[in-house]
Amino acid sequence: MPEVKYRPNIGAPRTPANEEPAEERARDFRPVDTGYTKADAIAEANRCLDCKKPLCMEGCPVGVHIPQFIEKIREEDWAGALSTIKADNLLPSVCGRVCPQENQCEGKCILGKKGDPVAIGQLERMLGDMADEVGEAPECKPANGHKVAIVGSGPSGIACAGELAREGFDVTVFEAFFTGGGVLTYGIPEFRLPKAIVKREIEGLEQLGVHFEYNSVAGRLFDAEELFEEGFDALYLAVGAGLPRFLHVKGENLPGVYCANEYLTRTNLMKAYEFPVYDTPIRHGKNVVVFGGGNVAMDAARTALRLGAEKVTLAYRRTEAEMPARRAEIHHAKEEGVEILELCNPLRFLPGPDGFVSTIELQRMELGEPDASGRRRPIPVEGSEFAIPCDVAITAIGTRANPFAKLCADVELNRWGLIETDEEGRTSNPKVWAGGDIVTGAATVILAMGAGKTAAASIKKTILGE
Amino acid sequence: MYKILKKTQFSENVFEFRVHAPRMAKKAHAGQFLMVRINETGERVPFTFANWNPEEGWIEFIFMVIGKTTECLSKLEEGDEIQDITGPLGKPTEIEGDSVAVIGGGVGLAIAYPVARMLCEQGKKVYVIMGARTKDLLILFEQFAALPLEELFVTTDDGSMGEKGVVTLPLARLCETDSIDSAFAVGPVPMMKFSARTCREHKIPIVASLNPIMVDGTGMCGCCRVEVGGETMFACVDGPDFNADLVDWDDLAHRQASYRAEEAVSKKQYEEDCACQK
């Protein structure tokens with residue numbers, strides 16, 4: 001039969017996302033975006049130009065074969081499409097939801113030069129979510145008799161675990177919490193990444209033979225040397241970013257002032273939004289102010305709305321244009337009613353008669369010359385102090401290095417306390433690799449996964465001598 | 001799951017569990033803590049190790065019934081299982097000096113005991129000051145009395161046992177007679193605060209084991225932050241022991257009270273649920 005040449009549907013608009021109305025979704029924890037239908041996916045797949053030199057792939061930190069899986073969608077070969085993705089990325093349901101596609105695959109898509117790029121993220125997540133339907137059964141190479149320990153079950157740890165398990169390694173993941181997923185579980189809210197999906201991805205790894213040991217605090221319960229004595233041949237440290245940073249202004253320890261990590265952990269991991277069915281409480285503010293401009297700040301602000309806040313203000317010391325958060329997250333937050341207060345910095349938190357925070361004093365800022373990050377430096381405007389009411393304040397201004405890395409293994413750290421590695425993830429200790437936020441500082445899920453995948457390849461090469 | 005091997009009741013509201021946890025038993029040190037989540041809907045609550053046995057593979061912790069979680073715990077019996085226990089967490093206690101006063105108040109006595117035992121094992125001269133509101137709340141007296149101490153002092157607020165008054169009375173005497181080089185205190189915030197003040201007057205270094213509210217216990221969430229010498233420290237990874245002279249006690253007390261209202265809601269709901277089941 002002669003091959004029919006594919007002709008893309010040139011000029012077709014990008015298939016819109018199926019988002020719940022902002023005013024309805026902002027009041028509960030249901031998913032914001034319900035995802036593409038099969039018909040949506042096929043329509044969108046028909047927009048792909050199937051470029052000879054696919055720039056989208058260059059934009060993917062884990063090198064997913066994007067035109068190939070899109071072609072399989074057009075052919076309605078759902079199982080084939082999913083296995084094409086999974087060859088490079090074991091967590092499509094997660095990445096399709098949380099990757100900053102606009103800076104990666106979609107950011108490079110040639111269609112984006114004049115119009116909207118192909119919705120690669122939507123297609124990816126849709127396929128990932130079809131895993132049960134298509135009955136996808138990943139294949140593993142026969143056991144090779146080598147054991148690898150992984151510390152941390154966040155995106156980097158599980159990406160590394162999956163790669164190694166498929167190569168026939170006996171992999172054990174040690175996790176300090178009672179459940180897996182790391183930041184996917186405690187950090188990213190249910191409405192953006194349902195926990196059932198994280199659970200399913202972890203179960204998928206268990207089916208590949210990966211063992212998960214929960215309540216296992218590396219560096220306290222065991223260290224690298226003990227793991228090697230127990231027969232592990234290599235260790236991958238993916239302990240994640242650590243201690244949150246604080247503003248260091250007066251009143252920051254008042255009850256009602258949270259750091260985003262705590263606010264989100266209480267809500268996502270401990271399900272405080274279902275208190276008192278779940279035992280962990282959280283303060284429900286009427287007037288919530290969030291400090292920061294990253295994705296974590298957006299998650300905290302949107303969570304506050306869902307916990308019943310009447311007004312949520314996001315205060316940032318630069319302008320919206322300089323916010324490091326994904327544009328889509330800023331858009332979603334504003335659409336749901338989060339108000340952005342640009343160019344101001346907190347001076348102090350003041351308590352009310354009940355001892356809880358009740359007022360924040362702020363100072364106006366203006367933008368000066370660009371700083372080391374390339375963004376214009378905020379400079380305080382003298383005499384511009386003003387106050388706003390607030391009964392819950394949340395700081396989301398980044399993290400410092402995780403102190404458990406050095407307790408766990410004798411590896412070289414840099415001056416920020418992050419682990420020094422080469423491009424393969426090797427540390428100064430020949431049996432220890434590291435990757436994710438403990439190497440890069442706080443970054444994205446996909447970069448952490450990419451590091452896990454790179455380290456897995458290096459571990460395989462080192463142990464098997466291939 | 002972590003099986004309860006033994007349950008001991010010290011008083012109406014104070015219990016001790018011995019739990020099967022072989023790996024933890026090998027790694028526990030005096031001053032470190034563990035975090036318990038009773039079941040799927042439970043909160044994570046820190047308790048300090050009271051005792052541990054690496055050969056037999058168990059750890060022990062003591063708790064006082066205060067809110068819903070401790071109430072639920074107290075209803076568990078030998079043979080029952082606790083869903084999650086994580087530890088050991090925090091830094092082990094290290095006390096300088098050859099002659100040390102160990103001060104424990106209320107349920108803090110459960111933390112003071114393994115510290116006193118460790119200091120005795122290190123060959124130090126150990127004075128213990130036990131404090132409680134009343135005789136019935138003074139736990140572990142026999143255990144403390146069995147240690148090779150220099151002296152054991154007991155104070156109760158109502159005078160029902162030992163000296164009537166607070167722990168700073170015998171502490172001041174020890175300071176005044178140059179009997180101690182250093183001190184360790186654990187208990188309610190006012191007790192630690194005034195112990196620190198007494199020691200400061202006599203230029204005796206004092207370490208306190210702090211007990212702020214925690215969620216993750218591994219330095220990730222910042223809930224347990226405390227102000228020590230003007231710096232923000234995390235009790236879970238930088239502590240729980242700190243130089244008591246530098247701790248901002250009022251700040252700690254405020255933060256400990258952050259969820260009083262919710263704790264009451266949770267307890268009331270639990271009691272109603274229990275009443276329904278009867």
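The values are calculated or read from the model by the stated rules, or taken from the named source; none is laboratory data. A quick note: this is a predicted structure, and the numbers were derived from the prediction, not measured. A quick note on method: Cβ atoms are made from the backbone with ideal geometry, for glycine too, and the neighbour counts reach across all protein chains shown. These accessible areas exclude ligands, DNA and RNA; they are computed on the full protein's heavy atoms, side chains included. Shrake-Rupley method; radii C 1.70, N 1.55, O 1.52, S 1.80 Å.
Structure values in brief
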{"item": "Hits in region B:40-57 - residues which are assigned to a strand (DSSP E or B) and surrounded by fewer than 16 Cβ atoms within 10 Å (Cβ to Cβ)", "result": "B:N53"}
{"item": "B:R225 vs. criteria farther than 30 Å from A:Y214 by Cβ and at the interface with chain A (Cβ under 10 Å from one of its Cβ atoms)", "result": "no"}
{"item": "Residue tally, condition hydroxyl-bearing (S, T, Y) and either in contact with a His (Cβ under 8 Å, 6 or more places away or on another chain) or without any contact (Cβ under 8 Å) to a residue 40 or more places away in the chain (or both), over region A:1-36", "result": "1"}
{"item": "Candidates A:A79, A:A131, A:A119 - the one that is surrounded by fewer than 19 Cβ atoms within 10 Å (Cβ to Cβ) and over 15 Å from the mean Cα position of the chain (by Cα)", "result": "A:A79"}
{"item": "Filtered residue count, region A:40-97, keeping only those that are closer than 12 Å to A:R125 by Cα and either assigned to a loop (DSSP other than H, G, I, E, B) or in contact with a strand residue (DSSP E or B) (Cβ under 7 Å, 6 or more places away or on another chain) (or both)", "result": "3"}
{"item": "Of the criteria (1) away from chain A (no Cβ under 14 Å); (2) surrounded by fewer than 22 Cβ atoms within 10 Å (Cβ to Cβ); (3) within 17 Å of the chain's Cα centre (by Cα), which one B:G79 fails", "result": "(3)"}
{"item": "Residue among B:T93, B:T41 that is more than 19 Å from the chain's Cα centre (by Cα) and at pLDDT below 95", "result": "B:T41"}
{"item": "Residue within region B:2-23 that is modelled with pLDDT of 95 or more, open to solvent by less than 20 Å² (accessible area, probe 1.4 Å) and away from every other protein chain (no Cβ under 13 Å) present", "result": "yes"}
{"item": "Candidate set: region B:253-278, residues that are at the interface with chain A (Cβ under 9 Å from one of its Cβ atoms) and aliphatic (A, V, I, L, M); chosen: the one farthest from B:G187 (Cα to Cα)", "result": "B:V265"}
{"item": "Single match in A:P61, A:P92 (criterion: in contact with a Gly (Cβ under 9 Å, 6 or more places away or on another chain) and open to solvent by less than 30 Å² (accessible area, probe 1.4 Å))", "result": "A:P92"}
{"item": "Where a residue in region A:157-175 is of a type in the set (D, E, K, R) and its partner, wherever it lies, is in a helix (DSSP H, G or I) and open to solvent by 10 Å² or more (accessible area, probe 1.4 Å), with Cβ under 6 Å and at least six apart", "result": "A:E163/A:K453; A:E167/A:K460"}
{"item": "Hey, A:P324 assigned to a loop (DSSP other than H, G, I, E, B), in contact with a Gly (Cβ under 7 Å, 6 or more places away or on another chain) and open to solvent by 30 Å² or more (accessible area, probe 1.4 Å) or not", "result": "yes"}
{"item": "Residue in region B:164-173 that is assigned to a strand (DSSP E or B) and without any contact (Cβ under 8 Å) to a residue 12 or more places away in the chain present", "result": "yes"}
{"item": "Test: A:A405 is under 30 Å from the mean Cα position of the chain (by Cα) and either outside any loop (DSSP other than H, G, I, E, B) or at pLDDT 90 or above (or both)", "result": "yes"}
{"item": "A:Q122, sole failed condition from (1) polar (S, T, N, Q); (2) within 25 Å of A:G441 (Cα to Cα); (3) away from chain B (no Cβ under 14 Å)", "result": "(2)"}
{"item": "All strands (runs of 3 or more DSSP E) inside region A:193-300 with 3 or more residues being more than 13 Å from chain B (Cβ to nearest Cβ)", "result": "A:234-237, A:287-291"}
{"item": "Any hit, region B:91-112, residues being open to solvent by 10 Å² or more (accessible area, probe 1.4 Å) and within 14 Å of chain A (Cβ to nearest Cβ)", "result": "yes"}
{"item": "Selection count where residues are without any contact (Cβ under 8 Å) to a residue 40 or more places away in the chain, open to solvent by 30 Å² or more (accessible area, probe 1.4 Å) and at the interface with chain A (Cβ under 10 Å from one of its Cβ atoms), scope region B:234-249", "result": "1"}
{"item": "Residue match in region B:131-149 (condition: of a type in the set (V, I, T), exposed (fewer than 14 other Cβ atoms within 10 Å of the Cβ) and assigned by TED's automatic domain parsing to the domain that holds B:G104)", "result": "yes"}
{"item": "Test: A:T185 is within 14 Å of another protein chain (Cβ to nearest Cβ), farther than 23 Å from A:P61 by Cβ and not hydrophobic (A, V, I, L, M, F, W, C)", "result": "no"}
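Conditions (1) hydrophobic (A, V, I, L, M, F, W, C); (2) surrounded by fewer than 16 Cβ atoms within 10 Å (Cβ to Cβ), marked per residue:
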position: B:M192; (1), (2): yes, no
position: B:V215; (1), (2): yes, no
position: B:E227; (1), (2): no, no
position: B:E231; (1), (2): no, yes
position: B:C274; (1), (2): yes, yes
